[in-house]
Amino acid sequence: MTAVEAQLAAMTVGSDDLNLVHASKNGDVAAFEQLVKRYDRKLFRIAQHVTHNREDAEDAVQEAFLKAFQHLNEFREDSKFSTWLIRITLNQSLMKLRKQRRAMREVSLEDNFQTDGEKLPMEVIDWAPDPEQLYRASELLDILVNALRELRPILRTVFVLRDIEGLSIAQTAEVLHLSQTAVKARLWRGRLQLRECLNRYFRKEEKSVPIGLNPGVDNAEELRLQGAVSTGGCTA
C-alpha cells in the first residue's frame, strides 16, 4: 500500500467512525459496539504496555469504552475519534498504575524532563523498523517487553504509540496533549534508552554463549588454547 492509499484508507475509517459516533449519539447501541470491535485490541495493547498487567489492562479498556459512551456528547469532532479514545484509555491505564502504588511523578503523562525540556538532538534517528521487527518476532517478544518495562511511563507511552501502533508525531502529540517537539524529544530519549537496554541484554547473551568447537580441529587442543587465551589477559 502506497502512502497515498494509506492516507485515503485512514480518512475513510475516520469518516466511518464519525458516522458510527453520530448513530451512537442517537441511541444506536449496535453502532457503538462496532467501534468497540474496531478498537478493542489496539487499546488493549496500549493499556497493557502502560500497566504491564493483563487484568488491569482489560479493566482499563472496559472503563475507557464506558466513559467514552457516557461522554460521547463531549467528543469534539475536530479530532479523530480514535485519538480521543486512546487518550481516555491512557488515563484509565495510568489510574491503574497509580493503584499499583507507584509514585505519582512516575506515572504522569505530563511528566517533564527538567534537564531536557523540549530541546532536540541534532537528529532524531528513525529506527522504528527494528523494534517493530523485534515486537513481531515471537521468540524475541519477551526481550522487548522486558526492555520496555525499564522505560519511564511517558517514554514508553510515546514509543508504543509512535513506533509500535504507528501513530504519526502529530497524532501522538494530540493524544498526549504535548507539542510535537516535546513528543520528538521523548521519542528520541525512549528509543535511546530502549536501544541501551537491548544492547545490554545481547551483550550478556554473547558472554554466556561458549565459543564453538571448530570441526576438523582437535577438541582438546582447542579447549586448551581457549583456556590460554582466557587466562592470558590483554595488553595495551
In range of the label at Asp16: residues from segment 39-78 whose backbone nitrogen is under 17 Å from the point 7 Å along Cα→Cβ: 39-43
Rounded to the nearest 0.05, what FRET efficiency is calculated for Lys67 and Phe202 with R0 set to 45 Å and r the Cβ-Cβ distance? 0.60
For segment 163-189 and segment 64-90, distance of Cα centres in Å: 18
Derived scalar couplings ³J(HN,Hα) [segment 19-25; Karplus, 6.51 cos²θ - 1.76 cosθ + 1.60; whole Hz; x for Gly, Pro]: 4, 5, 5, 4, 5, 5, 4
Ranked highest first by the average count of other Cβ atoms within 10 Å around their residues, in what order do 84-97, 161-174 fall? 84-97, 161-174
Ordering of 57-64, 191-198 by burial proxy (mean other Cβ atoms within 10 Å per residue, highest first): 57-64, 191-198
Can you list, bin by bin at 10 Å, the percent of alpha carbon pairs in segment 12-86, starting at 0? 19, 53, 25, 3
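Coordinate-derived values only; no laboratory data. The structure displayed is predicted, hence computed values, not measured ones. FYI the Cβ positions are ideal-geometry reconstructions off the backbone, even for glycines, and counts take in every protein chain you see.
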